[in-house]
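Encoded as structure tokens, the structure appears first; notes follow it.
Computed from the coordinates by the stated procedures, all read-outs in this text should not be read as laboratory data. All values reported here derive from a predicted model rather than from experimental measurement. Cβ: placed from backbone, ideal geometry, glycine included. Neighbour counts: every protein chain shown.
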Amino acid sequence: MSVYSLLIVAHIIGTILGVGGATFAEIFHVRAMRDGTITEEEGATLKICYTVLRIGLALLVLSGFSFLIYYRLTGQEELLYSEKLWAKMTIVFIIPINAILFQIRKIPTWLATAVSLTSWYTALILGIYHDVSHSYLEIIGLYIVAIFVVAFILHRINIHYALLREKKPETNKT
Amino acid sequence: MTILYTSLIVHIIAGLVGVISAFALLIGLLHRVPKIRSLKIWSVITFFSFILSWATGAYYYVLYYGKAVKPVILAGGAPWAHKIVMEAKEHVFLFIPFVAFVIMVGIFAAPDAILGDRPIKKSLAWLSAFVFVLGALIALAGVAISGAARQ
């Protein structure tokens, strides 16, 4: 197996762990919040998801930069000025910044979860599609729009569960 | 040439490990009850990663970059990559290992104060955030400089 193939495998594993971790963190969070509180067991499950997500992020960053070293050492430096690459690096940089802001409660939960989920999926999509002809600003613009679309969808899901929660005591009474 | 390339690879990977461990350190310090053992481990990794990145970066810079890469960048389409980005990077990067050292000493010297949520915990968190953000920006600056060698 060549070095390049190894890097691709590491990069894919990092992305899978990150996207999977972010997706399941959100699913378990929504599920845990159905009754309005997060129990100790649910908290422990969420913690595992965040750990997997962070391992994925570390692997993604290390393998991603290894690609850049590979390009540098094989005389393909022009690839380092690709607008898609810079958009992807910006979005990956936003993931830990978002985690820090969420940890210190400087960003509302609805926005933090939408940013995390959208960032991971955008990085995945940018990694899959090689022929992205959009400029840096266009990609970042679409990414920002996607954050608010995802936030709206998550908001509707939360409202759905909140309504179910309100109906539940009435059902019990009858 | 092999030693030079190895030093470049170690410079980048060790720097990234330093940035990742600074992030882990920051998240650890932001917990209500930080795990001191983890903080100690991450602070040591952060410090030694940056020292390694520093030493190998200096080796590559002195023996190769100045003679072979810098003239290419200055003659290419993005001379600002050296004149502004590299000049800023090489100066800013100088003090990151010192800040990482201060964080490590703080964690080893005052574990009880950190657990007691004293002001030192907040100060160390700020320093870790500073190292993380600056380290990440320096990594991005490195990409811009490497790319300019062909512009």
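Quick look at the values:
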{"item": "Local electrostatic count at A:Lys84 - Lys and Arg +1, Asp and Glu -1, tallied over other residues with Cβ under 14 Å", "result": "-3"}
{"item": "Above-threshold pairs, the threshold being 23 Å between Cα atoms, out of A:Lys88/B:Lys70; B:Lys67/B:Lys89; A:Lys84/B:Lys70; A:Lys47/B:Lys35", "result": "A:Lys88/B:Lys70; A:Lys84/B:Lys70"}
{"item": "Cα gyration tensor shape for the protein assembly as shown, rounded if a/c is under 1.5, else prolate or oblate", "result": "oblate"}
{"item": "For segment B:29-151: relative contact order, % (alpha-carbon pairs under 8 angstrom, 6 or more apart)", "result": "42 percent"}
{"item": "Global form of segment A:60-137, assessed from the alpha-carbon gyration tensor, a/c cut-off 1.5", "result": "prolate"}
{"item": "Principal-axis tilt of helix A:3-32 within chain A, Cα atoms, nearest 10 degrees", "result": "10 degrees"}
{"item": "Whole-Hz couplings from phi, Karplus 6.51/-1.76/1.60, listed for segment A:77-88; x for Gly and Pro", "result": "4, 4, 5, 6, 9, 5, 5, 5, 4, 5, 5, 5"}
{"item": "Cut-off 13 Å between beta-carbons: net charge of the residues surrounding B:Leu140, Lys and Arg +1, Asp and Glu -1", "result": "+2"}
{"item": "Which of B:Lys67, B:Lys40 has the fewest Cβ neighbours within 10 Å, and the rest in rising order", "result": "B:Lys67, B:Lys40"}
{"item": "Residue (of A:Ser2, A:Ala87, A:Ile159) at the positive-pole extreme of the protein assembly as shown, dipole from beta-carbon charges", "result": "A:Ile159"}
{"item": "Dipole magnitude (debye, nearest 20) for the protein assembly as shown, charges at Cβ of Lys, Arg, Asp, Glu", "result": "560 debye"}
{"item": "Lys/Arg +1, Asp/Glu -1 at C-beta; segment B:68-151 dipole; positive extreme among B:Ser123, B:Met104, B:Ile138", "result": "B:Ile138"}
{"item": "Per-residue Cβ neighbour rank within 10 angstrom, fewest leading, B:Asp112, A:Asp131", "result": "A:Asp131, B:Asp112"}
{"item": "Segment A:56-126 versus segment B:1-79: alpha-carbon centroid distance in Å", "result": "18 Å"}
{"item": "Loop trypsin sites (Lys or Arg not before Pro), segment A:75-168 (other Cβ atoms within 10 Å of the site Cβ: 13 or fewer; DSSP)", "result": "A:Arg105, A:Lys106"}
{"item": "Segment A:37-92, dipole about Cα centre (Lys/Arg Cβ +1, Asp/Glu Cβ -1), debye to the nearest 20", "result": "180 debye"}
{"item": "Neighbourhood net charge (15 Å Cβ-Cβ; Lys/Arg +1, Asp/Glu -1) for A:Tyr143", "result": "0"}
{"item": "Farthest toward positive dipole pole in the protein assembly as shown [+1 Lys/Arg, -1 Asp/Glu at C-beta], among B:Met86, A:Ala44, A:Ile97", "result": "A:Ala44"}
{"item": "Anisotropy class of chain B from Cα gyration tensor, a/c 1.5 cut", "result": "prolate"}
{"item": "Cα centre as origin, Lys/Arg/Asp/Glu Cβ charges: chain B dipole, Debye", "result": "160 debye"}
